[in-house]
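Below you'll find the structure, written out as structure tokens, and then a few comments.
The values are calculated or read from the model by the stated rules, or taken from the named source; none is laboratory data. Note that this is a predicted model, so its numbers are computed, not measured. Positions of Cβ are backbone-derived with ideal geometry, glycine not excepted, and every protein chain shown enters the neighbour counts.
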């Protein structure tokens, strides 16, 4: 889907662990790229075909004190529209950012810690409400378990009981939520360090899921998973308003800048003209899971 709009030569997949190392690698690539922007897309995000272009178009209009621009996603496991898994970074500021990336590998949000440090230097993050895709759909059960193990230790305490109840209530009709519920329960009893790493708690996840007779999913052929399926999920997505208010207490205030609605009539022409202007200015950094089994998207021709 990404290749529909961006130069394939500018797509880079990284596999560094833990997540702090992945952030460093992404920023290093951006600093060395010679292009204007680095777009970082987490492996658990599937992009909506025009959302990321709208976010990039928005970024082009920001001034040089804006280091990071972020859109929002619809999240399967926390059923709200929220900021996750996507960032656009200004490469002229990447060397400064590399100096302030935290060394602590146990941090739950190394990217957020870095943008906070950049803010202290006078370079800001602009949070928009532009929807760029969907988050945590089409994931392996073991990854869902691990993710929710982290969720209950990472998110607001008032939110955790609601999401655990949501997973429990929906587990009969979708065993993604069974995996989520089991991961959440395991995470609540955890007393050690948390490491944002794709192998953290993987063995425990596999053992418990096997004990519960939850069979791992097969890989999905990327050739049959199309952008229209993302659009269908977006159209049918239902936001939990109670969770949204707990996750974002200011949700009823106007504090996110609305991006003007785009008329679909001239959509293709708008995209073509915009890409002519920014072509060659962008580096796209993808989490490794974007193209391997972690996202369940594989290309049988590779």
Could you tell me whether segment 100-109 includes any residue that is assigned to a helix (DSSP H, G or I) and more than 30 Å from residue 219 (Cα to Cα)?
yes
Return yes when residue 41 is crowded, with 20+ Cβ neighbours inside 10 Å, over 17 Å from residue 124 (Cα atoms) and in contact with a strand residue (DSSP E or B) (Cβ under 9 Å, 6 or more places away or on another chain) and no when it is not.
yes
Odd one out for residue 50 among (1) touching a residue at least 60 places away in the same chain (Cβ under 8 Å); (2) touching a strand residue (DSSP E or B) at 6+ places or on another chain (Cβ under 8 Å):
(2)
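I'd like the residue in segment 112-138 that is under 29 Å from residue 216 (Cβ atoms) and touching a helix residue (DSSP H, G or I) at 6+ places or on another chain (Cβ under 7 Å) and, out of all such residues, is surrounded by the most Cβ atoms within 10 Å (Cβ to Cβ). Please lay out each step first, then the result.
If we filter segment 112-138 for residues that are under 29 Å from residue 216 (Cβ atoms), which is where we start, we get 132-138.
Now drop any that are not touching a helix residue (DSSP H, G or I) at 6+ places or on another chain (Cβ under 7 Å), which leaves 132-134, 136-138.
On the way: 132: 30, 133: 25, 134: 24, 136: 24, 137: 21, 138: 18.
The qualifying residue surrounded by the most Cβ atoms within 10 Å (Cβ to Cβ) is 132.
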Looking at segment 156-181, which of the residues that are surrounded by 18 or more Cβ atoms within 10 Å (Cβ to Cβ) and out of contact with any helix residue (DSSP H, G or I) (no Cβ under 6 Å at 6 or more places or on another chain) is nearest to residue 40 (Cα to Cα)?
163
Taking segment 147-173 as the search range and keeping residues that are over 22 Å from the mean Cα position of the chain (by Cα) and assigned to a loop (DSSP other than H, G, I, E, B), which one is modelled with the lowest pLDDT?
158
